[in-house]
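Asks: Before we start, here is the structure in question, set down as structure tokens.
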Amino acid sequence: MNFRSVAVALAASVVLPFGAAHAADLEVTHWWTSGGEAAAVAELAKAFDATGNKWIDGAIAGSGGTARPIMVSRITGGDPMAATQFNHGRQAEELAESGLMRDLTDVAEKEKWKEFIRPLSLLDSCTIDGKIYCAPVNIHSWQWLWLSNAAFKTAGVEVPKNWDEFVAAAPALEKAGIQPLAIGSQPWQATGAFSVLMIAIGGKDAYLKVYQDKDTEMAGGPEIGKVFKAADDARRMSKGSNVQDWNQATNMVITGKAGGQIMGDWAQGEFQLAGQVAGKDYTCLPGLGVNEIITTGGDAFYFPVLKDEEKSKAQEVLASTLVSAKTQVAFNLKKGSLPVRGDVDLATANDCMKKGLDILAKGNVIISTDQLVSADTQKQLEDLFSEFFATATMTPDDAQKRFTAIIAAAD
């Protein structure tokens, strides 16, 4: 070890939790590769590097659907990374139950995570058989409609205040040569859009009866039929998007080529990177302007079991760093998500983030589908809605019948 390395290690020993005195390189895998996401990840890396350790970035392009199988394969195949992103919920359930993930209970109890992580359901999603296996880093909500103010000005119509007004404005947008709704062709985007419509059009009770209670009568009934009618409107309005990635669809809104996009609050990172201002250049409608409820999904980091003792100690430092107040503010302001801590100051948040914080403060929240259904069920839903949005001949009734069958077999 050279003089500089010794100095770094000594400095780190002053600030590192748990008295860690040795620096370690930790490979961290994730699927955050868009411009806004990369800027947010840089904040996590900077915070961890400041402890004297080193964040080795393992970004995997192609979103979670592409990245998760690679991550799981490496962990089960004996080539684990030091930390990896998953969504809050059941995606890493089997890995933890198989003994392949680190138990972080000692870290969480030492730092009293339960006293500041809000809502507590985030930690509940990390808990299996009473043990905590992950560090939540943000609250991401899907329930947003992002609108281009310039697109509606070009079309000569007012910026919509809710989903019905948006649907009514579609013909004017099309006449002006503007794509009404941008949806990328990745399966999770269509599935996410449907879940947003489920809460906005069907309501909170219907959403929970279907995804939590697995109520097939509700899934096949008239209330959810209205949701499929709205999904049919969304399919018609999004025809011709011709983009793959979610951030490409967001860029269509940013550039005024599309009127709107149903997408999670991570889209804010792209607007911010483009220098656009909430309320001036774009409008955000939580709950599609119909039902201002947000899901408390998001991202957490899990830590595979490692044989290297120094890296294992550094994993504890990383877990601590991820939930620290300073890191939470820096990361989430760039990411567009809400912090998992209820004790941080986000005075510099933009108008859309403040809307989300207000909804969170009022308790108008609901757990996400990732937390309610297994990864296998989620994949079946993605297959269905990917086909529905791509196939104009599939009727809403036919799609609802298949949806009901998936819910009937869900676990």
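The values are calculated or read from the model by the stated rules, or taken from the named source; none is laboratory data. Every value quoted in this text rests on a predicted model; they were computed, and no experiment measured them. Glycine gets a Cβ as well: all are built from the backbone with ideal geometry, and neighbour counts include every protein chain shown. Note: areas computed on protein heavy atoms with side chains; ligands, DNA, RNA excluded. Shrake-Rupley method; radii C 1.70, N 1.55, O 1.52, S 1.80 Å.
Asks: Which entries of LYS204/LYS226; LYS335/LYS362; LYS239/LYS335; LYS112/LYS214 show an alpha-carbon separation above 24 angstrom in the structure shown?
Replies: LYS239/LYS335; LYS112/LYS214
Asks: Please compute, for the alpha-carbon atoms of region 17-141, the extent along each of the three principal axes and give them in descending order in Å.
Replies: Principal extents (Cα only, largest first): 33, 33, 33 Å.
Asks: What do you get for the angle between helix 163-175 and the principal long axis of the chain? Use alpha-carbon atoms, 0 to 90 degrees, nearest ten.
Replies: Tilt of helix 163-175: around 70 degrees.
Asks: Please identify, among MET218, MET198, MET101, the residue showing maximal mean-square fluctuation in a Gaussian network model of the chain using a 10 angstrom Cα cutoff.
Replies: Residue with maximal mean-square fluctuation among MET218, MET198, MET101: MET218.
Asks: Could I ask something else about it? Evaluate the relative contact order of the chain (contact order divided by residue number), counting alpha-carbon pairs under 8 angstrom at least 6 apart; express in whole percent.
Replies: Working: 751 pairs, mean separation 109.0, N = 411.
Across the chain, relative contact order equals 27 percent.
Asks: Residues in region 163-191, backbone N under 17 Å from the label point at THR391 (7 Å along the Cα-to-beta-carbon vector): list them, ranges by number please.
Replies: Counting backbone N atoms under 17 Å from the label point, the list is 186-188, 190-191.
Asks: When 1/r is averaged over all different Cα pairs and the result inverted, which Kirkwood radius in Å belongs to the chain?
Replies: 21.9
Asks: Pairwise over distinct Cα atoms, reciprocal of the mean inverse distance: report the Kirkwood radius of region 298-363 in Å, one decimal place.
Replies: Roughly 13.5 Å, rounded to one decimal.
Asks: How do the peptides 355-365, 52-62 rank, highest first, by the average count of neighbouring beta carbon atoms within 10 Å per residue? Walk me through the numbers before you get to the answer.
Replies: Details: 355-365: 15.9, 52-62: 17.5.
For the peptides 355-365, 52-62, the packing ranking is 52-62, 355-365.
Asks: Could you look at region 210-254 and say what percent of its accessible area is carbon and sulfur, using a 1.4 Å probe and all protein chains?
Replies: Carbon and sulfur atoms account for 42 percent of the accessible area of region 210-254.
Asks: To the nearest 10 square angstrom, what accessible area does LYS334 show with a 1.4 Å probe?
Replies: About 70 Å², ignoring ligands and nucleic acids.
Asks: FRET efficiency for GLU174 and LYS401, Cβ-Cβ distance as r, R0 = 41 Å, nearest 0.05?
Replies: 0.85
Asks: Output wanted: per-residue J couplings in Hz (rounded whole) for region 243-250, from phi through Karplus 6.51 cos²θ - 1.76 cosθ + 1.60, θ = phi - 60°, x for Gly and Pro.
Replies: 10, 9, 7, 4, 6, 5, 5, 4
Asks: Working out 0.36 nm times the residue gap between THR76 and LYS354, then minus their Cα-Cα distance, what length gain in nm do you get to one decimal?
Replies: 96.0 nm
Asks: Next up: Which order do peptides 42-49, 124-131 fall in by mean Cβ count within 10 Å, highest first?
Replies: 42-49, 124-131
Asks: Tabulate in residue order the Karplus-calculated ³J(HN,Hα) for region 342-352, using 6.51 cos²θ - 1.76 cosθ + 1.60 with θ = phi - 60°, rounded to whole Hz; enter x for Gly and Pro.
Replies: x, 10, 10, 9, 10, 4, 8, 5, 7, 4, 5
Asks: Still on this structure: If you filter region 63-163 for GluC sites (Glu not before Pro), then keep DSSP loop positions with at most 13 other Cβ within 10 Å, what is left?
Replies: GLU158
Asks: Can you order the peptides 232-245, 311-324 by their average number of other Cβ atoms within 10 Å per residue, highest first?
Replies: 311-324, 232-245
Asks: To the nearest 0.05, what FRET efficiency results for GLU27 and ASP129 with a Förster distance of 22 Å applied to their C-beta separation?
Replies: Efficiency, rounded to the nearest 0.05: 0.20.
Asks: Round to the nearest 10 and report in Å² the accessible area of VAL159, as given by a 1.4 Å probe over the protein chains' heavy atoms.
Replies: About 40 Å², ignoring ligands and nucleic acids.
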